[in-house]
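Each remark here refers to the structure printed beneath this line.
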Amino acid sequence: MIREIIAVSLLFALLALSLFNVKYIENKTDILANEIEQAHELYQNGDNEGAASHVEESLNNWLSWESYSHIMLRHSEIDIITGAYFALLEELEGDAKVTGASFDALIETLNDIAKKERITLGSLL
Amino acid sequence: MGIVYLRTLIIYVALIFAMRLMGKRQLGEIELSELVITVLISDIAAHPLQDIGIPLMNGILPIVILLCCELIISGVIVKSNLAKELICGKPCFIIVNGVIDQKEMRKNRLTPDELAEELRGQSVLDISMIKYAILETDGRLNIVLFPSERPVTAGQMSIAADDSGYPVVIINNGQVVRKNLQICGKDERWLQKELSARKVSDPKEVFLMSVNNAGQIYFAKAEGKK
């Protein structure tokens, strides 16, 4: 009986952890996406340097999340996001005009991680 | 992580259901839930090993969930007959009084060839000798012969049968099993004496040596040793 109780408890604990993880990823990606949105606003107001430093700060924030992301996320997803950050930074530091699409693409990629983890009928099946 | 958790549960229940529908002959002497666990774990564990891009957690989490499910299900099966019947099914009588129940055969996807093969495996060639053939929940076919076809026992013949007891291995592939030596109440001196009687000086020259309660010794010298 003890073994069954431990198994049921473990199953519930894992369910709770899984649900907590969904919320955690949502919060974290929301923070990162907000940082990129703020950078976008700064860029639209003509503050190129401010936007670049905001994106860099957000990139550092993302990279500091590495130990968690490497355990919980597919490595291909991590590479895509890191690549999108560097691409945006390169655009901001270059001479060419940066389009809103670059900011939106990074925000979309970040939201995608949370979306994939969100428990919906579609994602389950 | 949440998706992995729920997907694992869905796949587990779906596989149990599918295997249950397939019939008992798909099983190989393990219970249905154990087979499902075996099939799933071997596959799940392989993915993170083959693809280092997949986090190990995606392999470990389903395995822990499946183990918990298996523990819970096996616990429920022990406690509830109804649950056991629902999850593992119940034994089926394939032959009753020498007559094959064809409906049960079809239900369990058992062909006459397979039945004949199972019977041959148990040295039964004539179906009319069989009182009952029962397909157990783990897929084994157990046979009960008509009393007139069963081998005569010493008890029925009123003969006193020798009980030589359980043979204990004393030397296993050249290694003396000292614990077993103690269990059967012998010592190293006795062993040396027995080895000398068989012209062996070192236990390493022995492949297998066992002794039963009656003191009868089975001795096999290792091939290729002097």
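The values are calculated or read from the model by the stated rules, or taken from the named source; none is laboratory data. Please read these numbers as outputs of a predicted model, since none were measured by experiment. Don't worry about glycine lacking a Cβ; one is built from the backbone with ideal geometry, like all the others, and counts go over all protein chains shown.
The table that follows gives values for the structure above.
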{"read-out": "Which numbered condition B:I30 fails, given (1) aliphatic (A, V, I, L, M); (2) modelled with pLDDT under 80; (3) part of a helix (DSSP H, G or I)", "value": "(3)"}
{"read-out": "Flag if A:S53 is under 19 Å from A:A87 (Cα atoms) and either more than 14 Å from chain B (Cβ to nearest Cβ) or modelled with pLDDT of 90 or more (or both)", "value": "yes"}
{"read-out": "Qualifying residue in the range B:146-160 (condition: away from chain A (no Cβ under 12 Å) and either in contact with a Lys or Arg (Cβ under 7 Å, 6 or more places away or on another chain) or within 30 Å of A:R3 (Cβ to Cβ) (or both))", "value": "yes"}
{"read-out": "Residue pairs meeting the criteria (Cβ under 9 Å; at least 6 apart or on separate chains; first farther than 17 Å from A:Q38 by Cβ and in a loop (DSSP other than H, G, I, E, B), in the range A:95-114; second of a type outside the set (A, V, I, L, M, F, W, C) and modelled with pLDDT of 80 or more)", "value": "A:K97/A:E91; A:T99/A:E91"}
{"read-out": "Count of the range A:35-74 residues which are loosely packed, with under 13 Cβ neighbours inside 10 Å and under 17 Å from A:A105 (Cα atoms)", "value": "1"}
{"read-out": "Unmet criterion (only one of (1) surrounded by 17 or more Cβ atoms within 10 Å (Cβ to Cβ); (2) within 30 Å of B:I87 (Cα to Cα)) for B:V200", "value": "(2)"}
{"read-out": "Residues within the range B:43-73 that are within 7 Å of chain A (Cβ to nearest Cβ) and either over 18 Å from A:L15 (Cβ atoms) or among the polar types (S, T, N, Q) (or both), tallied", "value": "3"}
{"read-out": "Pick from the range B:74-113, criterion among the polar types (S, T, N, Q) and surrounded by 15 or more Cβ atoms within 10 Å (Cβ to Cβ), ranking: nearest to B:I127 (Cα to Cα)", "value": "B:N108"}
{"read-out": "Strands (runs of 3 or more DSSP E) wholly inside the range B:112-226 containing at least 1 residues that are at pLDDT 90 or above and over 30 Å from B:E31 (Cβ atoms)", "value": "B:168-172, B:206-211, B:217-221"}
{"read-out": "Pairs where the first residue, in the range B:110-135, is more than 15 Å from B:R150 (Cβ to Cβ) and the second is surrounded by fewer than 17 Cβ atoms within 10 Å (Cβ to Cβ) and among the small types (G, A, S), C-beta under 8 Å, 6+ apart", "value": "B:I127/B:G98"}
{"read-out": "Checklist (1) in a helix (DSSP H, G or I); (2) over 27 Å from B:C68 (Cβ atoms); (3) not aromatic (F, W, Y) applied to A:L10, failing item", "value": "(2)"}
{"read-out": "Residue match in the range A:27-45 (condition: in contact with a helix residue (DSSP H, G or I) (Cβ under 8 Å, 6 or more places away or on another chain), touching a residue at least 40 places away in the same chain (Cβ under 8 Å), closer than 30 Å to B:H47 by Cα and more than 14 Å from every other protein chain (Cβ to nearest Cβ))", "value": "yes"}
{"read-out": "Tally of residues being facing another protein chain (nearest Cβ under 10 Å) and among the aliphatic types (A, V, I, L, M) across the range B:74-86", "value": "2"}
